[in-house]
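First comes the structure, then the notes that go with it.
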Amino acid sequence: MDPKRELSSVDLGALVTELNRYEGAKVDKAYRYDDDLVRLKLRDFDRGRVELMIEVGDVKRAHVADAEHVADAPGRPPNFAKMLRNRLSGADFVGVEQYEFDRILTFEFERDDENTTLVAELFGQGNVAVLDETGAVVGALETVRLKSRTVAPGAQYEYPASRLNPLDVSFGGFERHMRESDSDVVRTLATQLNLGGLYAEEVCTRAGVEKETPIAEVTDDQLRALHDALADIAERLRSGDVDPRVYEEVLDGD
């Protein structure tokens with residue numbers, strides 16, 4: 001079993017609810033490790049020390065880590081870390097949101113003299129961009145200059161093109177996208193509805209619909225059941241009603 005190396009858009013929906021529980025924590029210090037890990041050390045009134053880690057390398061994720069499992073800080077902070085400390089030291093964490101249905105998190109911080117947004121791009125090559133109150137890029141781990149978007153100091157930050165969000169699409173929109181497909185149910189959910197394979201199969205199971213059913217053979221009642229399953233997942237993500245598990249692979253002889 002290969003370890004999970006990236007978070008899906010659905011995963012991020014659950015993560016946002018979890019991380020927002022640290023609203024009000026104050027930033028003590030910021031660190032950068034190598035080229036792809038940003039660490040923010042915060043103080044939470046109820047929980048004490050909180051270590052927020054944002055990884056954008058081969059492993060792409062954001063999470064809170066136990067202080068005992070955090071590596072010692074690099075000896076000399078690079079310029080990116082210095083800039084973060086200058087803007088974030090003493091700032092309050094006011095919340096995090098997922099951008100549209102993309103693998104992008106926006107962390108908001110407020111301070112008397114200035115507010116700062118951290119944008120964590122957990123897709124593709126990965127990136128972390130720091131924005132001022134106007135949305136202009138103050139700095140980024142990687143400068144991006146493409147025809148479709150730019151992420152560079154001094155420029156307005158540009159998000160990728162929006163994707164359909166299957167967790168808030170109306171039944172009419174859901175039905176239209178499904179009926180336009182010439183594939184089967186699970187592949188359509190995975191690609192046209194942007195769910196990915198794992199959650200597409202989960203939706204089929206919850207709805208009681210055979211995943212390999214051709215779209216041309218799907219009934220209106222089955223489409224309604226699929227949409228209801230999506231709505232239920234969306235509500236559980238918003239409320240934080242999730243039941244996380246850790247699975248371990250047991251090899252023969254262990």
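For the stretch 18-46, the tally of residues that are small (G, A, S) and surrounded by fewer than 21 Cβ atoms within 10 Å (Cβ to Cβ) stands at 1.
Taking the conditions (1) part of a strand (DSSP E or B); (2) touching a Leu at 6+ places or on another chain (Cβ under 7 Å); (3) hydrophobic (A, V, I, L, M, F, W, C) in turn, L12 satisfies each one other than (1). Within the stretch 82-107, the set of residues being hydrophobic (A, V, I, L, M, F, W, C) and at pLDDT 95 or above comprises M83, L84, L88, A91, F93, V94, V96, I104, L105, F107.
Scanning the stretch 73-102 for residues that are in contact with a helix residue (DSSP H, G or I) (Cβ under 8 Å, 6 or more places away or on another chain) and either free of Cβ contacts under 8 Å to residues at least 40 places away in the same chain or among the aliphatic types (A, V, I, L, M) (or both) returns a single hit, V96. Report yes if A234 is at pLDDT 95 or above, open to solvent by less than 20 Å² (accessible area, probe 1.4 Å) and either in a loop (DSSP other than H, G, I, E, B) or out of contact with any strand residue (DSSP E or B) (no Cβ under 8 Å at 6 or more places or on another chain) (or both), otherwise no. No; evaluated as a whole, the condition is false for this residue. Of the residues making up the stretch 239-254, just one is in contact with a helix residue (DSSP H, G or I) (Cβ under 7 Å, 6 or more places away or on another chain) and not β-branched (V, I, T), namely G240. If the condition is being of a type in the set (A, V, I, L, M, F, W, C) and closer than 18 Å to V137 by Cβ, then the stretch 92-114 contributes I104, L105, F107, F109.
Residue-wise test of (1) under 30 Å from R85 (Cβ atoms); (2) surrounded by fewer than 19 Cβ atoms within 10 Å (Cβ to Cβ); (3) modelled with pLDDT of 95 or more; (4) under 17 Å from the mean Cα position of the chain (by Cα).
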residue	(1), (2), (3), (4)
E142	yes, yes, no, no
R149	yes, yes, no, no
Q192	no, yes, no, no
Y199	no, no, no, yes
I215	no, yes, yes, no
L223	no, no, yes, no
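The C-beta contact set for the stretch 214-237 (first residue more than 21 Å from S183 (Cβ to Cβ), second residue of a type in the set (V, I, T) and in a helix (DSSP H, G or I), distance under 7 angstrom, 6+ apart or interchain) comprises L237/T17.
When T205 is tested against (1) polar (S, T, N, Q); (2) farther than 30 Å from V128 by Cβ; (3) open to solvent by less than 70 Å² (accessible area, probe 1.4 Å), only condition (3) is not met. Note on the stretch 69-102: among residues that are open to solvent by less than 20 Å² (accessible area, probe 1.4 Å) and assigned to a strand (DSSP E or B), the one that is farthest from Y22 (Cα to Cα) is V96.
Listed conditions (1) outside any loop (DSSP other than H, G, I, E, B); (2) modelled with pLDDT under 95; (3) not small (G, A, S) are all met by V169, apart from (1). Of everything in the stretch 238-249 that is in contact (Cβ under 8 Å) with a residue 60 or more places away in the chain and over 21 Å from E97 (Cα atoms), the residue that is least open to solvent (accessible area, probe 1.4 Å) is E249. Residues in the stretch 47-67 that are open to solvent by less than 60 Å² (accessible area, probe 1.4 Å) and in a loop (DSSP other than H, G, I, E, B): 2 in all.
The values are calculated or read from the model by the stated rules, or taken from the named source; none is laboratory data. The structure presented is a predicted model; accordingly, all values stated were derived computationally and were not measured. Cβ: placed from backbone, ideal geometry, glycine included. Neighbour counts: every protein chain shown. The protein model used for the area step is the full one, side chains on, heavy atoms only, and it has no ligands, DNA or RNA in it. Shrake-Rupley method; radii C 1.70, N 1.55, O 1.52, S 1.80 Å.
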